[in-house]
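S.K.: Please find one structure pasted underneath; my questions will follow.
The values are calculated or read from the model by the stated rules, or taken from the named source; none is laboratory data. Everything numeric here is computed off the predicted structure, so don't read it as measured data. Note that we place each Cβ from the backbone using ideal geometry, even for glycine, and neighbour counts take in every protein chain shown.
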Amino acid sequence: HNWNSSGTCSDKHFHIVEQVLGLYVNSIICVLGFVGNCLVIVTYAFYKKTKSMTDVFLFNVAVADLLFVVSLPLIVYNEMSAWPMGPAACKLLRGSYSVNLYSGMLLLACISADRYVAIVKARRSFKLRSLPHSRLICAIVWAAAILLSVPTFYFYSCYEPSHVANVFMLDPLSEDNLTSWSPEYVCEFKFSDSGTAWRAKVAIPSTQLAVGFFLQLFIMIFCYTSIVFTLLRAKNYQRHKAVRVVLAVVVVFIGCHLPYNVTLLYDTASKFQHKSCKESDALQVAKTVTQTVAYLHCCLNPVLYVFIGAKFRNHFRRIIQDLWCLGKRYVAPRRFSRVTSDTYLSARRSVDGSSDNGSSFTM
């Protein structure tokens, strides 16, 4: 076994993988997720009004994903180094991270159910898919996400681990070590007794598996299987093209989240079994890699659920055109002032006057 001076495993491979993924891959995920979800929010705020239940769900998914990628750098920093802020910030960061995770998953389940009602139960969809209903459902989703995150808010705390002094103060009698060493705090789970620790370390990941993955997977498979059969019965090229979109949504979700949840399930089932240092290191590496793959889904949500629709792509082009026109107006105001003003106003009239009664998630 690879043991360090404190008598614990060193997990050297895990720390190497954590540094590489934390610095490079997660940085790319944060940038792409931030840009993509900001474009969705800006489009709904200034260009496209939320006219359908799908639009309301997509807007809330973008908000949840945006909050997720904003908190991700702090989560990665906390996992790679000591926690520099106090206990309140620790609870807020970890709790909000959990809320965004649950809300994003539950909202994707709502989108699947909404697509099922709109296509398979088209005759009843007008009564069920109203804006007041969609706003009520979103409020329930966010409330459920907060309720499911209560254990995270409660048990996460900022404290100094008992083994830190053993790691950094190799010689307790040396005055140099005593003066140079300063306490380092972590933002992790903290329990009052072993019984509470056992129950929480099983219940929290089990809830995440049940609500954050298996519930969403079951709803998605049921709804999209019914949608595919309904679309295949329709002899229409656009409908058959929409089948590929549905399959892409399912494949991407399973590809991103299945590896991490299988690893999490194994880790939870073997939580209190003795593992060698090599097995512990391999499990930590697997959790880190598969978790990073799961994070990719927040970047792909805008592409799969929004930009794949023709109407939303048109709004995105108008955003680029308006930014370009505004940029030219400020860079060269004398030369381009009249042209850019006319272009910008005409673009805005085309947006405001466009008829967009359908959903942005075009099937």
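S.K.: In region 256-294, how many are farther than 21 Å from Leu23 by Cβ and either over 15 Å from the mean Cα position of the chain (by Cα) or not assigned by TED's automatic domain parsing to the domain that holds Asp114 (or both)?
M.R.: Of the residues in region 256-294, 22 are farther than 21 Å from Leu23 by Cβ and either over 15 Å from the mean Cα position of the chain (by Cα) or not assigned by TED's automatic domain parsing to the domain that holds Asp114 (or both).
S.K.: Just name the residue that is surrounded by the most Cβ atoms within 10 Å (Cβ to Cβ) out of those in region 47-92 that are out of contact with any Phe, Trp or Tyr (no Cβ under 6 Å at 6 or more places or on another chain) and aromatic (Phe, Trp, Tyr).
M.R.: Within region 47-92, the match that is surrounded by the most Cβ atoms within 10 Å (Cβ to Cβ) is Phe57.
S.K.: Going by the structure shown, is Tyr24 without any contact (Cβ under 8 Å) to a residue 24 or more places away in the chain and either farther than 19 Å from Ile146 by Cα or part of a helix (DSSP H, G or I) (or both)?
M.R.: Yes; evaluated as a whole, the condition is true for this residue.
S.K.: Mind checking which residues of region 93-140 are within 30 Å of Ser157 (Cβ to Cβ), surrounded by fewer than 23 Cβ atoms within 10 Å (Cβ to Cβ) and aromatic (Phe, Trp, Tyr)?
M.R.: Result: Tyr97, single match.
S.K.: State whether the residues of region 147-166 include one that is at pLDDT 80 or above, exposed (fewer than 15 other Cβ atoms within 10 Å of the Cβ) and within 30 Å of Leu231 (Cβ to Cβ).
M.R.: no
S.K.: Do the conditions hold for Leu58, that is, is it within 26 Å of Asp114 (Cβ to Cβ), assigned by TED's automatic domain parsing to the domain that holds Arg135 and in contact with a Gly (Cβ under 8 Å, 6 or more places away or on another chain)?
M.R.: no
S.K.: Check Thr268, Thr362 and return the single one that is surrounded by 12 or more Cβ atoms within 10 Å (Cβ to Cβ), modelled with pLDDT of 75 or more and out of contact with any strand residue (DSSP E or B) (no Cβ under 9 Å at 6 or more places or on another chain).
M.R.: Thr268
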